[in-house]
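Some notes on the structure that comes next.
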Amino acid sequence: MTLAKHWKYNNGEDIVVSNLKGLAHSNPAVRLIPSEKIIFNPNSDTTQKVTLISGGGAGHEPLHAGFVGENLLDAAVSGSIFASPSTKQIMAAVKTKSDKKKGTVIIVKNYTGDILHFGLVAEKAKAEGYNVELVIVADDVAVGREQNKMVGRRGLAGTAIVHKILGSAVNDKTADLKSIAELGRVVNDNLVTISASLDRTSVPGRTAQEIEFTAEDEIEVGLGIHNEPGHRVKPSPSIDELVNDLFKKLLSPKDEERHYVDFDLEKDDYVLLINNLGGTSSLELYTVTEHIVRLLPFSKKPKRILISDFVTSLSAPGFSITFLNLSNISKSDVKFSESQILEFLDTPTNAPGWKPKSYTSEEWEQDIDYVESPLKDKSVVTSSLKVDADAFERSLKHSLNKLLKAEPKITHYDTIVGDGDCGETLAAGANAILSELKKNGEFKKKLSDPVATLATITELVEDSMGGTSGGIYSIYLTSLLQNFQNFDELTVKTFGEAAYIALYDGLFKYTRARVGGRTLVDTLQPFVDTLKNSNNLEEAVKAAKDGCDNTKSLEAKFGRASYVDSSKFKDEEGGVPDPGAVGLLALIEGFTETSPQ
Ligand SMILES: Nc1ncnc2c1ncn2[C@@H]1O[C@H](COP(=O)(O)OP(=O)(O)O)[C@@H](O)[C@H]1O
Ligand SMILES: O=C[C@H](O)COP(=O)(O)O
């Protein structure tokens with residue numbers, strides 16, 4: 001359930017105007033006419049080229065004002081949220097930038113309000129001697145032919161592609177009004193787009209009750225950019241199932257309701273655009289991209305893969321997929337070649353709304369293979385040290401399982417004092433080692449050699465544990481491993497010395513945490529100091545436990561806990577100990593409870 005939460009703006013403020021003012025603050029290459037909600041490029045010379053204007057409802061940012069700039073729009077006019085601008089506003093945009101001689105193309109998304117207002121202005125402007133051509137963008141495939149037979153397909157993210165191609169094409173020396181309008185129409189005719197979202201978007205000024213948010217474990221496919229309904233899918237499908245379903249709706253000639261553009265999956269050249277509907281994190285947008293690209297049903301890879309927030313629906317947590325069939329355009333009468341169209345897409349622009357970087361065709365054509373790690377063939381570290389392999393394995397397993405049993409408690413503590421992932425991080429490391437032991441492979445054979453064993457454990461920790469814990473454990477274990485190799489035998493004494501050096505000459509180079517800092521060092525340092533001084537494992541473990549317990553009363557000086565008000569370090573048991581200290585204590589106690597002494 002998405003909460004309809006928006007910032008409280010000063011009474012009576014028109015946030016669309018404020019939005020445009022914000023854009024103008026950050027973009028010295030444009031000018032704003034607040035009264036008409038127009039952003040325009042004062043530097044484009046429309047006496048030398050076809051003028052390009054677009055506009056529509058607000059709430060799809062960066063579209064359209066964000067697309068004003070060099071090699072893109074000359075002017076954009078905004079209505080209120082999800083509503084078309086008025087004819088007065090649109091005419092003001094024409095009068096601001098259009099040149100009667102070179103002509104004007106106005107790009108309009110296929111929505112009734114837009115068509116009526118922009119269409120009327122086109123007629124009025126023509127009556128005043130302006131040459132104006134409308135290019136209507138209608139790229140949606142979700143709403144079937146039967147349902148949209150009167151109004152036509154909706155205009156979605158394909159609008160950005162039309163903007164970008166025409167924005168550069170107008171600077172081609174052969175370009176004129178007719179050829180630019182024709183190019184825009186042919187591009188539109190070869191666009192297919194469909195969206196999917198985890199939820200609807202909340203809308204400033206509207207209550208949550210006015211918006212039919214999706215339920216738990218439910219998504220919506222084919223919704224519009226104004227919360228127009230698509231169809232809901234519950235339970236949510238896997239991303240691969242969803243992507244394959246979207247591909248079918250976009251490309252299948254068998255889907256008579258949605259088949260608008262022919263694609264020869266074996267031969268056609270095409271562009272892929274993946275659009276953030278506004279509320280998808282960058283992490284997930286690129287994760288979804290990996291699934292989309294991996295599942296593409298084409299023999300060829302896309303000529304371009306364009307990923308960004310191009311045409312949003314405020315903060316809708318979704319994405320849309322757009323394909324542009326370049327081969328079909330080449331077969332049409334349009335006079336621009338495929339390579340020119342790709343150049344138009346690649347031409348750099350200072351318009352902030354078009355974020356994709358420009359790479360050369362050669363860069364796009366190269367095969368991007370994943371690269372093997374240079375550490376892949378790691379040299380195997382061994383030593384002459386010998387321990388009882390079975391006893392060592394028992395201790396190791398007991399220690400790791402003790403940690404896993406403590407994980408819920410560690411997570412509980414870290415949820416209070418940190419970001420809640422300490423237990424998960426430690427468990428990841430423990431499980432990685434346990435599953436390696438289960439394989440009965442190389443690792444198992446090494447158990448009699450504590451150095452070789454520790455080398456594998458260190459690798460597993462580095463590979464499986466992130467966060468601060470992962471770093472701390474990796475540094476300490478690496479240093480311990482190096483010190484082990486300086487000894488001819490492994491005894492409590494030599495282990496104590498190695499552990500001491502690994503702390504004072506190893507870990508302490510990378511952290512300023514010491515006893516009293518409320519970290520895992522409160523467990524480790526007493527353990528290491530006591531073992532070094534007493535050679536008595538039992539005393540060392542007790543010192544570790546006391547150090548860990550003591551963290552309950554400490555202020556946090558390190559890590560995320562230091563950002564949390566320490567008065568919150570309480571739970572039903574009273575003071576909350578440091579989660580990392582608890583995790584390390586579990587490992588130490590577990591290992592020494594059945595130590596292979
Ligand atoms: N500077 C530090 N030096 C040593 N240990 C630290 C430090 N900062 C945090 N820790 C330890 O790391 C634990 C948190 O581990 P983890 O959750 O992996 O960190 P994060 O989520 O912040 O990356 C803390 O409970 C504490 O024991
Ligand atoms: O924002 C969407 C369109 O630009 C305007 O929609 P409308 O035709 O419903 O006014």
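Sort out for me the Cα centre separation of the range 452-481 from the range 509-579, rounded to whole Å.
20 Å
May I ask you to compute the full-extension gain from residue 514 to residue 211, defined as 0.36 nm times their residue separation minus their alpha-carbon distance, rounded to one decimal in nm? Mind dumping the intermediate values first?
Numbers: separation 303, 0.36 × 303 = 109.08 nm, distance 5.30 nm.
Separation in residues times 0.36 nm, less the Cα-Cα distance, equals 103.8 nm.
Given a Förster radius of 30 Å and the C-beta distance between residue 299 and residue 419 as r, what FRET efficiency does 1/(1 + (r/R0)^6) yield to the nearest 0.05?
Once rounded, the FRET efficiency stands at 0.10.
Equivalent ellipsoid semi-axes for the range 389-592, as square roots of 5 times the alpha carbon gyration tensor eigenvalues: give them largest first, rounded to whole Å.
Numbers: eigenvalues 146, 74, 44 Å².
Computed over the range 389-592, the values are 27, 19, 15 Å.
Normalise the Debye intensity by I(0) for the range 178-316, one equal point scatterer per Cα, no solvent, then take log10 at q = 0.09, 0.10, 0.12 Å⁻¹ and round to two decimals.
Evaluating at q = 0.09, 0.10, 0.12 Å⁻¹ gives log10 I(q)/I(0) of -0.31, -0.38, -0.54.
I need the phi-derived Karplus couplings for the range 415-426: 6.51 cos²θ - 1.76 cosθ + 1.60, θ = phi - 60°, integer Hz, Gly and Pro marked x.
5, 7, 9, x, 10, x, 10, 4, x, 4, 5, 5
In nm, to one decimal, how far is the residue 557 label point from the residue 357 one, both placed 7 Å along Cα→Cβ?
It works out to 4.2 nm between the two label points.
Can you give me the orientation-averaged projected area of the convex hull built on the Cα atoms of the range 15-365, in nm²? Let's see the in-between values first.
Numbers: hull surface 67.0 nm².
Seen from a random direction, the Cα hull of the range 15-365 projects 16.7 nm² on average.
What is the packing order of peptides 23-29, 38-44, taking the mean over residues of other C-beta atoms within 10 Å and listing the highest first? Display every interim value, and only then the final one.
Values: 23-29: 14.0, 38-44: 21.1.
The densest-packed peptide leads the list: 38-44, 23-29.
Work the Kirkwood hydrodynamic radius out for the range 9-86: mean of 1/r over every pair of different alpha-carbon atoms, inverted, in Å.
12.6 Å
Using a/c under 1.5 as the rounded threshold, could you call the range 103-241 rounded, prolate or oblate? The axes a ≥ b ≥ c are square roots of the C-alpha gyration tensor eigenvalues, and prolate needs a/b larger than b/c, oblate otherwise.
Numbers: a/c = 2.69, a/b = 1.94, b/c = 1.39.
Judged from the Cα gyration tensor, the range 103-241 comes out prolate (a/c at least 1.5, a/b above b/c).
Counting other Cβ atoms within 10 Å, keep those with at most 11, restrict to DSSP loop, and tell me which chymotrypsin sites (Phe, Trp or Tyr not before Pro) in the range 527-597 are left.
Details: sites: 527, 558, 563, 569, 591; in loops: 558, 569.
Sites meeting the loop and neighbour criteria: none at all.
Describe numerically, in nm with one decimal, the distance between label points set 7 Å from Cα along Cα→Cβ at residue 485 and at residue 437.
Result for the modelled spin labels: 2.5 nm.
Given the Cα-Cα distance of residue 281 and residue 5 and 0.36 nm per residue of separation, how much length would full extension add, in nm?
Gain on extension, residue 281 to residue 5, equals 97.6 nm.
Need one number: % antiparallel among DSSP beta bridges in the chain, to the nearest 5.
55 percent
Could you name the lysines in cross-link range of residue 88, using Cα to Cα under 29 Å and dropping any fewer than eight places away on the same chain?
21, 37, 49, 97, 100, 101, 102, 109, 124, 126, 164, 178
Using C-alpha positions alone, give me the convex hull volume of the range 1-54 per residue in cubic angstrom. Please report the intermediate quantities before stating the final value.
Values: hull volume 6.9 nm³, N = 54.
Cα convex hull per residue, to the nearest whole number: 128 Å³.
Show me 136-143, 515-522, 47-54, 242-249 ranked by packing, highest mean number of other Cβ atoms within 10 Å first. Intermediate values should be presented prior to the final figure.
Working: 136-143: 26.2, 515-522: 24.6, 47-54: 23.1, 242-249: 18.1.
Per-residue Cβ counts within 10 Å, averaged per peptide and sorted highest first, yield 136-143, 515-522, 47-54, 242-249.
Taking N as the number of residues in the range 1-135, what is its Cα Rg relative to 2.2 N^0.38 Å?
Working: Rg = 15.0 Å, N = 135, 2.2 N^0.38 = 14.2 Å.
This ratio for the range 1-135 stands at 1.05.
What longest range of the chain stays clear of loop-exposed GluC sites (Glu not before Pro) (DSSP non-H/G/I/E/B, at most 13 other C-beta within 10 angstrom)? Don't skip to the answer; put the middle values down first.
Numbers: sites that count: 13, 128, 146, 212, 216, 256, 266, 372, 489, 555, 572, 573.
Formally, the longest exposed-site-free interval is 373-488.
Efficiency by 1/(1 + (r/R0)^6): what FRET value for residue 386 and residue 70, r their Cβ-Cβ distance, R0 = 56 Å, to the nearest 0.05?
0.20
Based on alpha-carbon atoms only, what is the radius of gyration of the chain relative to the globular estimate 2.2 N^0.38 Å?
On the way: Rg = 31.6 Å, N = 597, 2.2 N^0.38 = 25.0 Å.
That works out to 1.27 for the chain.
Where a number appears in this text, it was derived from the coordinates with a stated rule and is not lab data. Bear in mind the structure is a predicted one, so any value in this text is a computation, not a measurement. Neighbour counts run over all protein chains shown; Cβ positions are idealised from the backbone, glycine included.
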